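Trainee: Let me give you the structure first, and then I'll get to my questions.
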Amino acid sequence: MFLKISLKDYEIKEFEDTGTIIIVKKGLSGKPDYSIDGDGFVVKFKDGETYTIDIYDPEVARNFREKLSLSYV
C-alpha cells in the first residue's frame, strides 16, 4: 500500500514497551467513516482524510522505522 501524507498535521506516538506506532490526525474526532486492514496495520479515514494509522505489529513498526524517516515537512 502506498500512502502519501504530510505528517505536519499528525501526532505520532511510539510505544517502546509494545513496539507499536499510532499516527493520529490532529483536530478530527468521532468515529471513522471506513478503514483498510493491512498485514500488521490499520488505516482509518474520516471526511476524506487519513484519520489514523495504527501499526500494531511490532515487526511492521520496526520495518516502518527502518525504511522511512518521519519528518514534519
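Trainee: Of the conditions (1) in a strand (DSSP E or B); (2) touching a strand residue (DSSP E or B) at 6+ places or on another chain (Cβ under 6 Å); (3) at pLDDT below 95, Thr50 fails just one. Which one is it?
Mentor: All conditions are met except number (2).
Trainee: How about segment 5-14: which of its residues are in a strand (DSSP E or B) and either at pLDDT 95 or above or exposed (fewer than 13 other Cβ atoms within 10 Å of the Cβ) (or both)? Let's see the steps before the verdict.
Mentor: Filtering segment 5-14 for residues in a strand (DSSP E or B) gives 10-14.
Of everything in segment 5-14, those that are in a strand (DSSP E or B) and either at pLDDT 95 or above or exposed (fewer than 13 other Cβ atoms within 10 Å of the Cβ) (or both) turn out to be Glu11, Ile12, Lys13.
Trainee: What number goes with the only condition from (1) modelled with pLDDT under 90; (2) outside any loop (DSSP other than H, G, I, E, B) that Ser35 does not pass?
Mentor: Against the list (1) modelled with pLDDT under 90; (2) outside any loop (DSSP other than H, G, I, E, B), Ser35 comes up short only on (1).
Trainee: When both residues are 6+ apart or on different chains and their Cβ atoms are under 7 Å apart, which pairs have a first residue that lies in segment 45-64 and is more than 23 Å from Asp9 (Cβ to Cβ), and a second that is of a type in the set (S, T, N, Q) and surrounded by 14 or more Cβ atoms within 10 Å (Cβ to Cβ)?
Mentor: Listed pairs, sorted by first residue: Pro58/Thr20.
Trainee: Here's a follow-up. Would you pick out the residues in segment 53-66 that are at pLDDT below 95 and touching a Ser or Thr at 6+ places or on another chain (Cβ under 7 Å)?
Mentor: Selection gives Ala61 alone.
Trainee: Follow-up question, since we're still on this one. Can you pull out the residues in segment 15-43 that are closer than 16 Å to Arg65 by Cα, touching a residue at least 40 places away in the same chain (Cβ under 8 Å) and surrounded by 13 or more Cβ atoms within 10 Å (Cβ to Cβ)?
Mentor: Listed by number, the residues that qualify are Gly19, Thr20, Ile21.
The values are calculated or read from the model by the stated rules, or taken from the named source; none is laboratory data. Keep in mind the model is a prediction, meaning the values are calculated, not measured. All Cβ positions, glycine included, derive from the backbone under ideal geometry; neighbour counts span all protein chains shown.
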